[in-house]
Each structure stands twice: as structure tokens, then as C-alpha cells.
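Accompanying notes for the structure given below.
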Amino acid sequence: MAFQSLCVLGLGYIGLPTASTFANNGLRVHGVDVNERIVATLRSGESHIQEPGLRTLVQAAFRSGNLTVDRQPTEADAFIIAVPTPLLPNQRADLSYVVAAAESIVPYLRPGNLVILESTCPPRTTVDRVAPILAQSGHTPGSDLHLAYSPERVLPGNILRELIENARVIGGIDRASAEAGRDLYGLFVRGEILLTDATTAEMVKLMENTYRDVNIALANEFAGLAEAFGVDVWQAIEMANRHPRVRILRPGPGVGGHCIGIDPWFLVEAAPDKTPLIKQARLVNDGRPEAVLDLMRRNLGGDLNGRKLAALGLAYKADVDDLRESPAIAIVQELVRAGAEVTTYEPLAPAGQVVGARPAKEIDQALQGAEALVLLVDHKPFLALEPERVAALMSGRRVFDLRGALDQAAWRRAGFDLTVLGVGQHDD
Ligand code: SAJ
């Protein structure tokens, strides 16, 4: 199938790079976002999302004349739905954006169109929820409309490369839909294109992130065991990973971001009686901020009240500016609640703030007079900190490394009392 035009619904982390990449590959792309501010920002030549290379890519797409953005859809050969599916407070998927996006294109659908859902969804959403909405157009998915589910799998921080190079799974509600999807993504995807049915493709996406969540939970449990047994979990993991069939992930202060900590719940919601392990892993990872508070309390004489702390990093992981669902923020909130005087420093999102904590503009300002440094995120510049210089700024000599990222020997040489997550104290 040949495509000349594409309408992309949702211009966020996935929709914007996808729309721009298609435009730069010769398709006429109309990007839609319901948020007026996002549309205005893009039209002014800026990007509302910080991602390496994205601004240049978007600008090139506009310059090519192939990209337009608006709040309303238009007719097109293909439609991609890439809107958020957040988690509701009851741990169920909020499909309202998907439903609204599908409804918004109904008046524009023509026979032979292809509709692709990219948003992460519980199993059977494409078939049970989206197909009936599209059928309101008078055309029938699987007959005169093509409909497929194709999950995004790109890693924030590396989106532009992974969009092109990753294998792409395309699940059609029938074979012709999957093949139409292959013809569309084949315009720029260099990775393997794997065709399947829609529900399998939905499962693939959820399984990938759940696999990671469960394995991070396991690493976190190992960290707790190591702390109890006087073992350094980082050394133990490194040695275990020399086994040809073992690859233990990294323990840490929790699982953040808008994917891994959310998607497993979509499986629990779909089949609570079939998902005890998945649910338990979620609870283990959600309990990490609390475990960190315990660790800190134990090492600070039991009381956090009035302690002057420099909290480095607020992002959900290293070298990204994304603060969504960040365990670092949850930990700072808990520290504030416990009465600590916390100064935060997040170089990649300077506007990021936690109520009750003082945001610093410069790292020195955060460290000045602090009795303890709390490394929440292993951003590259933090790893290059010189312990002697830090010692000169701080009033105390205590460091909590919650990422196992600092050079323990170097910090100890500079006189610091170092507490590393997952490292138990030896009595022998
Ligand atoms: N984390 C650990 N230990 C680890 C790895 C990660 O504690 O060993 C934590 C991170 O610090 C972070 C969270 O987990 O808080 C998630 O980080 P991540 O880098 O594992 O994943 P995301 O959320 O940035 O992106 C994931 C990716 N999925 C997989 O790797 C299976 C990405 O490919 C998906 O496209 C993305 O979710 C998504 O949008 O679903």
C-alpha cells in the first residue's frame, strides 16, 4: 500500500518524533494536539519536549513543508494515535484520551484508510474499544478500513535512534491491516518489522516493560538482602552476571517514568487472578522510597528532623529531564515530611521543585552547609564531582549514594562516611 499523507494524534514524546520522522521521509504529515500551547510552541519553531536531536528534527520537518500542526485532524491516508494512557488512582488504565482521539478521526475516515494505535493499552483495547468507535464512520475495520496496534518501544534519551533502529511489532486486526502497517513504517524503520495480530502486539509491549519491572524488583530485593548480610550487592551482581545466563538489573531508589511503573498494572487490571508476581513486583518497587527513608534514618541516628540535606537529581533516571513519576521526588517529599531541610538540584530540569524543599540553581548552592549529600540520580556531571571540593562546601561528611554510582574509595579517602544502597556493613 502506498501512503502520501498521515495524521498523527498526540504530539508528545512519541507522536512528535514519529510525525517529524515521517515528514522528513517525504510523507505529508498533519500533527494534532488538543493542547493549544503545544501547537503554538511547535509553530514558533520550538519543541516542548527535551530529547537529544528532537528540536533539529522538528525544525527540519517544518522546513521541508511536509509538517503542519493543528488542534483538529484532517483527512489522510493513515492515522497514528499516540496519546497518553495514564494510570487512574484505582490502578486502571485511563483510556479516555485514546477514546477521544479515535472519536475525533471518525468524520475524516475514508475507505482504505489505515489507523494505527501506538499508545500502551490493556490487552484487547484495539479490538474491543477502538474498532467499534471507528465503525461509527460507516466503514468496517478489517473490511474497508485497516486497523493495527504497533507499540512504541523507544528509550527516552535515545528516542530518535531507537525509533529507526528498533525492531517494530505491528499487530493487525487482520493480515491486510498488519501488512498496511508494514508498508507505512517501512518508510523509515531500519529494524526488523514483525507482523502479528493486534492483541499479541499489545501483550508484547506490556510484557517487555513488565519483564523489566519484575527484574528490577528482584534486584531491589537482593539489595535489601545484601544490606542485611553485610554484602556489597553491586559486587555480587557483577559476579553473578558473569554467568552466561544471568543478567541481574540494577537496584535503586525506585522505578519511575511513565512506562515501567505503570504498564504492569494494565496486566493486573486485565486479569488480577493471573498476576500475583507482577503485582508483587509493582509493590516492591513502589516501596523503594520508603526503604530509602529507612536506610537514611538508620544511618542518621534515627531522626531526620532538622537535618540539612543536599538532594542531587530529581529526574526519574540518569541524563533525562523527565520528572514524571520520579522516585527522587517521592523521596524528597518524604524527607521534607520527616522534617529535613532539603535543598534540591536538578541540572536538566531547573524549574523542577518539590513543595517544602529549596531548589538550588547551582550545585555549589545545594552543597553549601549541607551535612549530607543524597545522590538520587546518577546524572553524568554528578559522577564527576570531586569529593575534596564537595567536602570544602559541606558542613558534614556524609553521603548517601542511592544509585551505587560513586567511586566509594575516592569518597572515603576524602573523609566521607558513605552509605551506598545495597551495601551492608561488615562487622568482621
Ligand atoms: N531502573 C532501575 N534499575 C535498572 C533499570 C532501570 O532501577 O536496572 C529504573 C530507572 O532508574 C527508572 C526506571 O527504572 O526510574 C525506568 O527506566 P528504564 O530506563 O528502564 O526505562 P524507561 O521507562 O525510560 O523506558 C522503558 C523502556 N522499556 C524497556 O526497556 C523494556 C523503553 O524501551 C520503552 O519504550 C519505554 O519504557 C516505554 O515508553 O514504554
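Every condition in (1) out of contact with any Pro (no Cβ under 9 Å at 6 or more places or on another chain); (2) not in a loop (DSSP other than H, G, I, E, B) holds for Pro156 except the one numbered (2). Filtering Ala176, Ala226 for residues that are over 24 Å from Ile260 (Cβ atoms), out of contact with any Phe, Trp or Tyr (no Cβ under 8 Å at 6 or more places or on another chain) and not basic (Lys, Arg) leaves a single hit, Ala176.
Among the residues making up the range 300-332, those that are away from the ligand (no atom under 16 Å from the Cβ) and not charged (D, E, K, R) are Leu300, Gly301, Gly302, Leu304, Asn305, Gly306, Leu309, Ala310. For the condition surrounded by fewer than 18 Cβ atoms within 10 Å (Cβ to Cβ) and either of a type in the set (Ser, Thr, Tyr) or touching a helix residue (DSSP H, G or I) at 6+ places or on another chain (Cβ under 9 Å) (or both), Asp303 qualifies. Screening Ala176 against (1) open to solvent by less than 40 Å² (accessible area, probe 1.4 Å); (2) part of a helix (DSSP H, G or I); (3) more than 30 Å from Gln280 (Cα to Cα) leaves a single unmet condition, (1). Within the range 15-49, the set of residues being open to solvent by less than 30 Å² (accessible area, probe 1.4 Å) and of a type in the set (A, V, I, L, M, F, W, C) comprises Leu16, Ala19, Phe22, Ala23, Leu27, Val29, Val32, Ile38, Val39, Leu42, Ile49. Scanning the range 371-428 for residues that are open to solvent by less than 30 Å² (accessible area, probe 1.4 Å) and polar (S, T, N, Q) yields a single hit, Thr419. Does any residue in the range 126-144 that is over 18 Å from Thr196 (Cα atoms) come within less than 7 Å, Cβ to Cβ, of a residue that is of a type in the set (Gly, Ala, Ser) and surrounded by fewer than 17 Cβ atoms within 10 Å (Cβ to Cβ) six or more places away or on a different chain, and which pairs are these? Cβ pairs passing all conditions: Asp144/Gly112.
Counting only helices (runs of 4 or more DSSP H) wholly contained in the range 7-96, the ones carrying 2 or more residues that are out of contact with any Phe, Trp or Tyr (no Cβ under 8 Å at 6 or more places or on another chain) and free of Cβ contacts under 8 Å to residues at least 40 places away in the same chain occupy 36-43, 54-63.
Going by the structure shown, is Leu277 touching a strand residue (DSSP E or B) at 6+ places or on another chain (Cβ under 9 Å) and at pLDDT 95 or above? Judged against the criteria, Leu277 is not a match.
The values are calculated or read from the model by the stated rules, or taken from the named source; none is laboratory data. Since this is a predicted model, take the numbers as computed values, not measurements. Counting neighbours? That spans all protein chains shown, and the Cβs are built from the backbone with ideal geometry, glycine included. Accessible surface areas use protein heavy atoms only, side chains included; no ligands, DNA or RNA. Shrake-Rupley method; radii C 1.70, N 1.55, O 1.52, S 1.80 Å.
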